[in-house]
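Report on one structure; see the data block that follows.
The values are calculated or read from the model by the stated rules, or taken from the named source; none is laboratory data. Given the structure is predicted, the values throughout are model-derived calculations rather than measurements. No Cβ is skipped: glycine too gets one built from the backbone with ideal geometry, and neighbour counts run over all protein chains shown. Only protein heavy atoms, including side chains, enter the accessible area calculation; ligands, DNA and RNA are left aside. Shrake-Rupley method; radii C 1.70, N 1.55, O 1.52, S 1.80 Å.
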Amino acid sequence: MANKLYDDAASALQGLLFDGMTVMSGGFGLCGIPENLIAALRDSGTKGLTVISNNAGVDDFGLGLLLHTRQIAKMVSSYVGENKEFERQYLSGELQLEFNPQGTLAERIRAGGAGIPGFYTKTGVGTLVAEGKEHKDFGGETYILETGLVADLSIVKAWKADPYGNLVFRKTARNFNPMMATAGKVTVAEVEELVGPGEIEPDHIHTPGIFVQRLIVGKTYEKRIEQRTVRQAA
């Protein structure tokens, strides 16, 4: 079996990057994001990126790093409310945005990974989301056609992996990461813990290693809190 383990994020991305490519980046808010791979993508200088992600990080962390360096040309997202730089670039016309309801985005990614080119949904009918899309009636209800999404590269973050690339995600990090791993032409995963062959129970595997081509063990993780609310001191 081919060796999937690489020394670091930069070497794991070597030979995969090119200007104008499409990248899926896993995670939900700042939970379960591939921090090391995002930093390596920033350091590579690759530009003109279309990035498919639930959100765009915050101003100085996560995908916000790539917005700061102007490496992202277009975002395909469902929530962008925590990033002021994203807002500024979008409103000034520097950044394209394909906005999706969150469930629709998740299903578009799942469909792409399953080889399904499109599907109909009621979500978004009668709103700006539906403009320019095919409408069709089923059982007296109107639906719109949404297309499946695939990427040149998926970068995902898992809790555990074995050398074969079988992945286990933990709690909220299981949002978007597993489906993105199936929808990339190449998937690179970073993990917190690497275990030996056979140490992960087959029933506990969330993403089979067949979907993962490259693997790194992350050196450090900041794991920020996206929005913190505290009580006033007495």
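Tell me whether region 86-93 contains one or more residues that are under 19 Å from the mean Cα position of the chain (by Cα) and under 25 Å from THR172 (Cβ atoms).
Yes, region 86-93 contains a residue that is under 19 Å from the mean Cα position of the chain (by Cα) and under 25 Å from THR172 (Cβ atoms).
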Inset, instruction - Give the residues of region 38-82 that are assigned to a strand (DSSP E or B), among the β-branched types (Val, Ile, Thr) and farther than 21 Å from ASP19 by Cβ, sorted by residue number. - result: VAL58
Inset, instruction - Being over 11 Å from the mean Cα position of the chain (by Cα) and either of a type in the set (S, T, N, Q) or within 14 Å of ASN177 (Cβ to Cβ) (or both) is the filter here, so list the residues in region 34-61 that pass it. - result: GLU35, ASN36, LEU37, SER44, THR46, THR50
Inset, instruction - Report, by residue number, each residue of region 37-81 that is open to solvent by 30 Å² or more (accessible area, probe 1.4 Å) and farther than 22 Å from ARG108 by Cβ. - result: ARG42, ASP43, SER44, GLY45, LYS47, ASP59, ASP60, LEU65, HIS68, THR69, ARG70
Legend entry - The lone exception for ALA106 - which of (1) farther than 25 Å from THR207 by Cα; (2) in contact (Cβ under 8 Å) with a residue 40 or more places away in the chain it fails: (1)
Inset, instruction - Could you please find all residues in region 51-96 being farther than 22 Å from VAL156 by Cα and of a type in the set (A, V, I, L, M)? - result: LEU91, LEU95
Legend entry - strands (runs of 3 or more DSSP E) completely within region 99-185 that count 2 or more residues being open to solvent by 50 Å² or more (accessible area, probe 1.4 Å): 135-138, 141-147, 151-161
Legend entry - Subset of region 77-113 (residues that are modelled with pLDDT under 95 and among the basic types (Lys, Arg)): LYS84, ARG88
Inset, instruction - Kindly list, by first and then second residue, each pair from a residue in region 144-170 that is touching a residue at least 60 places away in the same chain (Cβ under 8 Å) and over 22 Å from PRO202 (Cβ atoms) to a residue that is open to solvent by 20 Å² or more (accessible area, probe 1.4 Å) and aromatic (Phe, Trp, Tyr), limited to pairs with Cβ atoms under 8 Å and residues at least 6 apart or on different chains. - result: ASP152/PHE18
Legend entry - Selection count, region 186-221, where residues are closer than 30 Å to LYS84 by Cβ, under 18 Å from the mean Cα position of the chain (by Cα), open to solvent by 20 Å² or more (accessible area, probe 1.4 Å) and touching a residue at least 40 places away in the same chain (Cβ under 8 Å): 1
Inset, instruction - Please name all residue pairs, on different chains or six or more residues apart, with Cβ atoms under 7 Å, provided the first residue is in region 1-13 and is part of a loop (DSSP other than H, G, I, E, B) and the second residue is among the polar types (S, T, N, Q). - result: LYS4/GLN213
